[in-house]
Amino acid sequence: MKKYFIIDFDSTFTNVEALDLLGEISLSNFSDQQDRLQKIKEITDQGMDGGMSFRESLVERLNLLQAKREHLDKLVPELKERVSKSFHRNEEFFRKHADNIYILSNGFKEFIVPIVTEYGVKPDHVYANTFEYDEADNITGFDQNNILSRNNGKARQIEQLKLEGEVSVIGDGYTDYEIKEAGLASKFYAFTENVARDKVLEKADHVAPSLDEVLYVNKMNTAISYPKNRIKVLLLENIHPRAEQILRDEGYQVETHGGGMDEEELLERIKKVSILGIRSKTQITEKVIASAQRLLAVGAFCIGTNQIDLQACLKKGIAVFNAPFSNTRSVVELAIAEIIMLLRKVPERTREMHQGIWNKSAQNSYEIRGKKLGIIGYGNIGSQLSVLAENLGMEVYYYDLVEKLAMGNVRQCLDMDELLSLADVVTLHVDGRETNKNFFGKDQFAKMKPGAAFINLSRGFVVDIEALKEAVESGHLVGAAMDVYPQEPKNNQEAFVSALRGLPNTILTPHVGGSTQEAQENIGNFVPNQIIQYINTGSTSNSVNFPQVLLPTLTNAHRLMHIHHNVPGIMAKMNQVFAKHQINIVGQYLKTNETIGYVITDIDKEYDAEMIEELKQIEDTIRFRVLY
């Protein structure tokens, strides 16, 4: 049986009501523009909800618009930029099924045909109203003999088409539902990608947050293998709103939660989540990963990933992405500020002032120019800190386990003891590997110069807190600055408990090294785009646990992703399946690490469900997905 799709235009094919947009153009020089536009919107909503007859709403809107033919020339380019995202990414569907797709709208052909025909819709499959003009090209009305200008016009138009087959209607308005109500369609999809109308949702056979959903339900070929609106995202710990917006724009369902979650809470919440976004507080344990039935990717919206069991993720085929560079500048600026404040003893002077003590003195207060800075860990942050510190006149030394190119006049120390004996300020920028626990303790503090300052902006567990407290209280250190701690509150409501509270000349900040608006927005842009790229194309560039594969997006091909245990013979078994089904391979990419093999295969012909099932059943398969 043939399948026909009857598709609305306004707020369905495009993400805007065209007459509303026309009003912004035609009323641009009217002093009461905003009042008229608001009235037009209200009338549109009443017509779409069924609260006003269509013809009545159309007459009133045209009277308010005061539009001319020339305004349509400006409207069409605007509408081309406002095609709904899911329609745009499924252009292939329109071209492939053009014979069975009709655009049925109470709008106007003058602006609809130029838009939809670019997607392969046939001009004679567009049914809509037409404008009437006076001699000065003012729009004066519409062809009142057109069926679609009348109440219940869409149902009457479908009746005239006499389509033989299964008819599905996709739209956002009550007039779209009237086709189903008249018994002329088998299913009405309430399209909610752009607007959701309660009265229309009540009448729907199926709510469709995107065109992907409609095509998925109908088992139609699409540009993707799974509707994006069914991909659930959970973002924790006040991740920047930019990340939420990017993921929503991609079509995903996004839920946010202000604080972190403990293991028990996360075990329940993660079961149906496909993408998880966290910062530093939430622990992604092996137990959590075992409970994650649909998880495809984890985004660490920070630098560190020690809060995530990367090996457990890897074994289950879950890619992890972080933001290794996005907050570098913010952390470096805080380090510079703390160096200055500690050597000027600003924390002590501030505390005294709050107590009413006026202690104006230059004693034990120093410029940083000419002082020696010792950087332990010369990665992205350490190296950038060295550049700024040197520009401020400091003499900079660094120590790292890995050979690194020194920036500027920075000097490398062959061992940490050498650095500790030289530095007036020691700052840690090491990673969160397990072996770094209590990396800096009593012995290291003892080797620091008397009167030196200590800063840790890296990981909380790398410093022995009791040893640091003793070094400050004894006067061996002039002061310290800490931004990270072995135990941190899960949210802003929990109390901060630490042996460091109340220490003299000590700066304590609540893990805000990367918490600037600029850094969080950068991270909010970077991490979601890496995840989207992975889900859409299979590229694992910048993943911290997967083999690195950077892939182009192909047209006229299908892409299959296969993740398996790193054992011999998997590729041979996969290719045997392709050969059995006479599938021609356009390209194939394999990367492995010690745990998994990651294969991307591009094929150039239609595949069947049997082939997909055989690929899934290959022994040692961890995960298989059709990307597009």
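Computed values, structure above
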{"quantity": "Test: residue in the stretch 90-104 that is within 22 Å of Asp172 (Cβ to Cβ), β-branched (Val, Ile, Thr) and surrounded by fewer than 21 Cβ atoms within 10 Å (Cβ to Cβ)", "calculated": "no"}
{"quantity": "Considering residues of the stretch 423-442 that are surrounded by fewer than 19 Cβ atoms within 10 Å (Cβ to Cβ) and at pLDDT 95 or above only, the residue farthest from Gly304 (Cα to Cα)", "calculated": "Lys442"}
{"quantity": "Residue in the stretch 480-498 that is without any contact (Cβ under 8 Å) to a residue 24 or more places away in the chain, outside the structural domain of Gln384 (by TED's automatic domain parsing) and closer than 27 Å to Thr328 by Cβ present", "calculated": "no"}
{"quantity": "Count - residues of the stretch 518-552 that are free of Cβ contacts under 8 Å to residues at least 60 places away in the same chain and of a type outside the set (Ser, Thr, Tyr)", "calculated": "7"}
{"quantity": "Only one of Val288, Val331, Val320, Val273 that is touching a Phe, Trp or Tyr at 6+ places or on another chain (Cβ under 8 Å), buried (at least 19 other Cβ atoms within 10 Å of the Cβ) and of a type in the set (Val, Ile, Thr)", "calculated": "Val320"}
{"quantity": "Selected residue (only one of Ile465, Ile381 is under 22 Å from Val497 (Cβ atoms) and aliphatic (A, V, I, L, M))", "calculated": "Ile465"}
{"quantity": "Elements of type helices (runs of 4 or more DSSP H) in the stretch 1-119, at least 2 residues being basic (Lys, Arg)", "calculated": "33-49, 54-65, 69-80, 91-96"}
{"quantity": "Counted residues, the stretch 344-402 - those being aromatic (Phe, Trp, Tyr) and either within 15 Å of Val425 (Cβ to Cβ) or not assigned by TED's automatic domain parsing to the domain that holds Thr427 (or both)", "calculated": "4"}
{"quantity": "Residue match in the stretch 531-539 (condition: in a loop (DSSP other than H, G, I, E, B) and either in contact with a Gly (Cβ under 8 Å, 6 or more places away or on another chain) or surrounded by 14 or more Cβ atoms within 10 Å (Cβ to Cβ) (or both))", "calculated": "yes"}
{"quantity": "Any chance Phe445 is in contact with a helix residue (DSSP H, G or I) (Cβ under 6 Å, 6 or more places away or on another chain) and either surrounded by fewer than 18 Cβ atoms within 10 Å (Cβ to Cβ) or in a helix (DSSP H, G or I) (or both)", "calculated": "yes"}
{"quantity": "Odd one out for His354, checked against (1) more than 28 Å from Phe439 (Cβ to Cβ); (2) within 42 Å of the chain's Cα centre (by Cα)", "calculated": "(2)"}
{"quantity": "Qualifying residue in the stretch 36-51 (condition: touching a residue at least 60 places away in the same chain (Cβ under 8 Å) and in contact with a strand residue (DSSP E or B) (Cβ under 7 Å, 6 or more places away or on another chain))", "calculated": "no"}
{"quantity": "Any hit, the stretch 44-67, residues being surrounded by 14 or more Cβ atoms within 10 Å (Cβ to Cβ) and either over 29 Å from Val200 (Cα atoms) or outside the structural domain of Asp143 (by TED's automatic domain parsing) (or both)", "calculated": "yes"}
{"quantity": "Complete set of residues in the stretch 267-282 that are in contact with a Gly (Cβ under 9 Å, 6 or more places away or on another chain) and at pLDDT 95 or above", "calculated": "Ile275, Leu276, Gly277, Ile278"}
{"quantity": "Test: residue in the stretch 486-496 that is closer than 30 Å to Ile318 by Cβ and surrounded by 22 or more Cβ atoms within 10 Å (Cβ to Cβ)", "calculated": "no"}
{"quantity": "Flag if Ser149 is in contact with a strand residue (DSSP E or B) (Cβ under 7 Å, 6 or more places away or on another chain), touching a residue at least 24 places away in the same chain (Cβ under 8 Å), farther than 19 Å from Ala185 by Cα and polar (S, T, N, Q)", "calculated": "yes"}
{"quantity": "Out of Glu110, Glu118, Glu91, sole residue that is modelled with pLDDT under 95 and acidic (Asp, Glu)", "calculated": "Glu91"}
{"quantity": "In the stretch 120-136, residue surrounded by the most Cβ atoms within 10 Å (Cβ to Cβ) [restricted to those that are β-branched (Val, Ile, Thr) and assigned to a loop (DSSP other than H, G, I, E, B)]", "calculated": "Val121"}
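Per-residue answers, yes or no, for (1) out of contact with any His (no Cβ under 7 Å at 6 or more places or on another chain); (2) surrounded by 11 or more Cβ atoms within 10 Å (Cβ to Cβ); (3) at pLDDT 95 or above:
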{"residue": "Asn364", "(1), (2), (3)": "yes, yes, no"}
{"residue": "Gln384", "(1), (2), (3)": "yes, yes, yes"}
{"residue": "Leu388", "(1), (2), (3)": "yes, yes, yes"}
{"residue": "Glu395", "(1), (2), (3)": "yes, yes, yes"}
{"residue": "Glu403", "(1), (2), (3)": "yes, no, no"}
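The values are calculated or read from the model by the stated rules, or taken from the named source; none is laboratory data. On a predicted model such as this, the values are computed, not experimentally measured, just so you know. Using ideal geometry, Cβ is built from the backbone for each residue, glycine included, and neighbour counts are taken over all protein chains shown.
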